[in-house]
Every structure is written in C-alpha cells, then in structure tokens.
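The values are calculated or read from the model by the stated rules, or taken from the named source; none is laboratory data. Given the structure is predicted, the values throughout are model-derived calculations rather than measurements. Every residue, glycine among them, receives a Cβ derived from its backbone with ideal geometry; neighbour counts consider all protein chains shown.
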Amino acid sequence: MLGPPGSGKGTQGERLAALYGVPHLSSGELLRGHVRAGTDLGRVAQEAMSRGDLIPDDLVIRMIADEVLGPSGPGGFVLDGFPRTVPQATAAYELASKRGFTLRAVILLEIPYAVLIDRLVTRGAEEGRTDDNAETIRHRIEVYRERTLPLVEYYHGRDILLRVDASGTIDEVTTAINAALDDSLGDGR
Ligand code: AP5
Ligand code: MG
C-alpha cells in the first residue's frame with residue numbers, strides 16, 4: 001500500500017489482508033509497538049516519528065525483514081508503509097528475490113493533499129496519535145513528496161503499479177482496489 005499520510009493505507013490494508021487471508025504488516029504500527037514496548041528501536045524511532053521524519057532505512061529494513069522472515073512468511077502479506085524510499089524498495093526487492101517472494105502489486109492511493117489534513121486532524125483529536133497535528137501532518141506530506149513519491153516512477157517502470165482514486169468513501173475505495181487487483185492478478189491470487 002503506497003500513499004500519503006491519511007490516504008487509507010491502514011484502513012484498506014486491513015481489509016485487503018482479511019480478503020486474502022494474510023497478515024497486514026504496517027511499518028508505522030510496528031514502530032509504534034516498539035515505542036510502546038520501549039525497545040532500542042522504539043527509543044531511536046520515537047523522536048523522528050513525532051517530528052514526522054522517517055526512521056533510517058537500515059533500521060526499518062531490518063525490522064521488516066524480521067517480520068516477513070518470521071512465522072508470518074512466506075504465505076504472503078500486505079505491506080503498508082514499507083517500502084517508503086527508493087533504497088528501501090531496492091532492499092525489499094533483494095530480500096524478496098533471495099527468499100523466493102514476488103511483489104505482486106503496488107497499490108497507489110491517490111488523493112488531494114488538502115483532504116488528508118482534515119482526516120488526520122480528526123483522527124488526532126479522537127485517537128491521540130502524537131504526529132496527527134496540523135504542523136506535523138504538513139511536514140509528513142512534504143516528506144512523502146520528497147522521499148516516497150520517487151517510488152511511483154520506480155514501480156511504474158516495473159509494471160506492477162495500480163493507481164486507485166482514494167478520495168471516495170471507504171467502501172468505494174475498497175471496491176476500486178479490488179477491481180484493480182482482479183484486473184491485474186486475474187485468477188492468479
Ligand atoms: P505510518 O503509520 O505509516 O503513517 P502515515 O504514512 O503518515 O499514514 P497514516 O497511518 O497516518 O495514514 P494511512 O494512510 O494509514 O491512513 P488510515 O487508513 O489510517 O508512519 C508513521 C511514521 O512512522 C512515519 O512518519 C515515520 O516516522 C515512521 N515510518 C513508518 N514507516 C516507515 C518507513 N518505511 N521508513 C521510515 N520511517 C517509517 O486513514 C487515516 C484516517 O482517515 C483514519 O482516521 C481513517 O478512519 C480515515 N479514513 C480512511 N479512509 C477514509 C475515507 N475513504 N474517507 C474518510 N475517512 C477515511
Ligand atoms: Mg497507517
């Protein structure tokens with residue numbers, strides 16, 4: 001699941017994982033778990049996350065590798081929030097080819113940035129995520145544009161990129177994702 005902060009990676013990633021009967025691995029959720037548990041990684045990640053900056057690539061790559069090579073792999077999974085930089089995508093590709101995984105589809109959630117700020121400020125008020133305030137949300141969007149958008153070109157070149165309009169209701173977006181995947185994967189689920 002590729003898309004800016006608040007585009008619905010978590011919401012739609014959960015639904016997709018349930019549909020395919022595979023785990024949903026959200027790098028952000030995993031990192032927040034490390035922060036709560038007070039691990040070494042959590043201590044390093046906490047400050048960058050509350051500023052809306054990315055955690056260094058090598059740390060995130062190691063965390064995801066541990067997850068996908070652990071008990072949940074290799075039956076398939078939905079990745080949400082990873083890879084998020086070109087070096088992470090290169091590392092993911094190397095890891096996958098070494099272990100015999102294939103990246104089947106990259107779902108790009110496309111949405112005007114203005115919608116995101118409203119959604120995330122509302123979530124911040126309801127759930128209290130420390131990075132859900134207007135200033136940090138704007139910074140997260142900047143970071144997305146600088147560090148993550150180049151992945152669109154990277155995956156476009158590899159022909160697995162599915163662009164989905166993420167500005168409708170949650171159900172509309174789910175329908176659009178499932179239709180795009182059916183078209184692209186056919187019976188090869
Ligand atoms: P992460 O947790 O991935 O946050 P994010 O990318 O900022 O995205 P969000 O989780 O805020 O939004 P989402 O796209 O999942 O949308 P959601 O479904 O929740 O990362 C957090 C931080 O961790 C990063 O800033 C960084 O510091 C670090 N990090 C994580 N991965 C990293 C990596 N790979 N490398 C380096 N650092 C990393 O929806 C948002 C809200 O909108 C919800 O309230 C939802 O209910 C609502 N909503 C969803 N869809 C709709 C809809 N269609 N209509 C109306 N409301 C909707
Ligand atoms: Mg999320």
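More than 16 Å from ligand 2 (Cβ to nearest atom), under 24 Å from Arg123 (Cβ atoms) and of a type in the set (A, V, I, L, M) - does that describe any residue in region 26-39?
Within region 26-39, one or more residues are more than 16 Å from ligand 2 (Cβ to nearest atom), under 24 Å from Arg123 (Cβ atoms) and of a type in the set (A, V, I, L, M).
Looking only at region 106-115, filter to residues that are buried (at least 16 other Cβ atoms within 10 Å of the Cβ) and at pLDDT 95 or above; which one of those is nearest to ligand 2 (Cβ to nearest atom)?
Step one: filter region 106-115 for residues buried (at least 16 other Cβ atoms within 10 Å of the Cβ), giving 106-109, 111, 113.
Adding the requirement that they be at pLDDT 95 or above leaves 106-109, 111.
Details: Val106: 16, Ile107: 13, Leu108: 15, Leu109: 11, Ile111: 14 Å.
The selected residue is Leu109.
Here is a check on your reading of the model: is Val68 more than 12 Å from ligand 2 (Cβ to nearest atom), at pLDDT 95 or above and either of a type in the set (Ser, Thr, Tyr) or out of contact with any strand residue (DSSP E or B) (no Cβ under 6 Å at 6 or more places or on another chain) (or both)? Working first, answer last.
Working: more than 12 Å from ligand 2 (Cβ to nearest atom): yes; at pLDDT 95 or above: no; either of a type in the set (Ser, Thr, Tyr) or out of contact with any strand residue (DSSP E or B) (no Cβ under 6 Å at 6 or more places or on another chain) (or both): yes.
In short, no.
Taking interchain pairs and intrachain pairs at least six residues apart, which have beta carbon atoms under 7 angstrom, with the first residue in region 1-26 and more than 11 Å from ligand 1 (Cβ to nearest atom) and the second aromatic (Phe, Trp, Tyr)?
From residues that are more than 11 Å from ligand 1 (Cβ to nearest atom), the pairs are Val22/Phe77; Pro23/Phe77.
List every residue pair whose Cβ atoms sit under 7 Å apart, with the two residues 6 or more apart in sequence or on different chains, where the first one lies in region 110-136 and is in a strand (DSSP E or B) and the second, anywhere, is within 7 Å of ligand 1 (Cβ to nearest atom).
Once the first residue is in a strand (DSSP E or B) and sits in region 110-136, its partners that are within 7 Å of ligand 1 (Cβ to nearest atom) give Glu110/Ala166.
Run down Gly76, Gly100, Gly124, Gly128 and say which single residue is within 16 Å of ligand 2 (Cβ to nearest atom) and on the phi > 0 side of the Ramachandran plot.
After ruling out the rest, the residue left standing is Gly128.
Considering only region 146-180, how many residues are part of a helix (DSSP H, G or I) and either in contact with a helix residue (DSSP H, G or I) (Cβ under 8 Å, 6 or more places away or on another chain) or free of Cβ contacts under 8 Å to residues at least 60 places away in the same chain (or both)? Walk me through how you get there before you give the answer.
Within region 146-180, the subset part of a helix (DSSP H, G or I) is 146-148, 150-156, 170-180.
Keeping just the survivors that are either in contact with a helix residue (DSSP H, G or I) (Cβ under 8 Å, 6 or more places away or on another chain) or free of Cβ contacts under 8 Å to residues at least 60 places away in the same chain (or both) gives 146, 150-151, 153-156, 170-179.
The total comes to 17.
Quick one: which residue in Gly186, Gly168, Gly157 is within 19 Å of Leu19 (Cβ to Cβ), surrounded by fewer than 13 Cβ atoms within 10 Å (Cβ to Cβ) and of a type outside the set (S, T, N, Q)?
On inspection, the qualifying residue turns out to be Gly186.
Of Ala176, Ala125, which residue is within 11 Å of ligand 1 (Cβ to nearest atom) and surrounded by 17 or more Cβ atoms within 10 Å (Cβ to Cβ)?
On the way: Ala125 fails: surrounded by 17 or more Cβ atoms within 10 Å (Cβ to Cβ).
Testing whether each residue is within 11 Å of ligand 1 (Cβ to nearest atom) and surrounded by 17 or more Cβ atoms within 10 Å (Cβ to Cβ) leaves just Ala176.
List the number of the failed condition for Gly52; all other conditions in (1) of a type outside the set (D, E, K, R); (2) touching an Asp or Glu at 6+ places or on another chain (Cβ under 8 Å); (3) more than 10 Å from ligand 1 (Cβ to nearest atom) hold.
Gly52 satisfies all of (1) of a type outside the set (D, E, K, R); (2) touching an Asp or Glu at 6+ places or on another chain (Cβ under 8 Å); (3) more than 10 Å from ligand 1 (Cβ to nearest atom) except (3).
Do the conditions hold for Gln88, that is, is it without any contact (Cβ under 8 Å) to a residue 40 or more places away in the chain, assigned to a helix (DSSP H, G or I) and surrounded by fewer than 21 Cβ atoms within 10 Å (Cβ to Cβ)?
Here the answer is no, as Gln88 does not meet what is asked.
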